[in-house]
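Each remark here refers to the structure printed beneath this line.
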Amino acid sequence: MAVLQVIQTLFFLVVIAGLAYVSARFLGSRAMRLSQGGLIRLIEMVSLGPRKYACVLTVGDKAFLLGVTDQCVSMIAEIPRGELGPLSPSDGESAAGAGARDFVARLSALLGRPGEGRR
């Protein structure tokens, strides 16, 4: 009797895991298609601390630098579209390091602090 219950429990566990996998796969791909809108695009997001981010997004032909916390979203600056170029790391450094340094340099330039951001 106990062996039958173990087999039955394992069978239902496999069925539930399969259903969870299929539904996550289906809903995940559907959510990705819905989140890739044509008008609003997230270009880059950088963590500034726990639940604090700076992000660059485009809306149509305009680009914005936003400050995001768990309580509010603030527009820091509008970025001229020509200022957004592809991030290409120099030889010997990671894309993340180059992106962060480039982000700091661009933010400093936008805020009128040209000496900062260069290291």
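From most to least packed by mean Cβ count within 10 Å, the peptides 64-71, 17-24, 102-109, 43-50 give 102-109, 64-71, 43-50, 17-24. Stretching SER108 away from VAL73 to a fully extended chain increases their span by 10.6 nm, per 0.36 nm per residue minus the current alpha-carbon distance.
Note on THR9 and TYR53: the extension gain reaches 11.4 nm, defined as 0.36 nm multiplied by sequence separation minus the Cα-Cα distance.
Since every read-out is calculated from the coordinates, none of them should be taken as a lab result. Only a predicted model underlies this, so the values are computations on that prediction, with no experimental measurement involved. In this analysis, Cβ positions are derived from the backbone assuming ideal geometry, glycine residues included, and neighbour counts consider all displayed protein chains.
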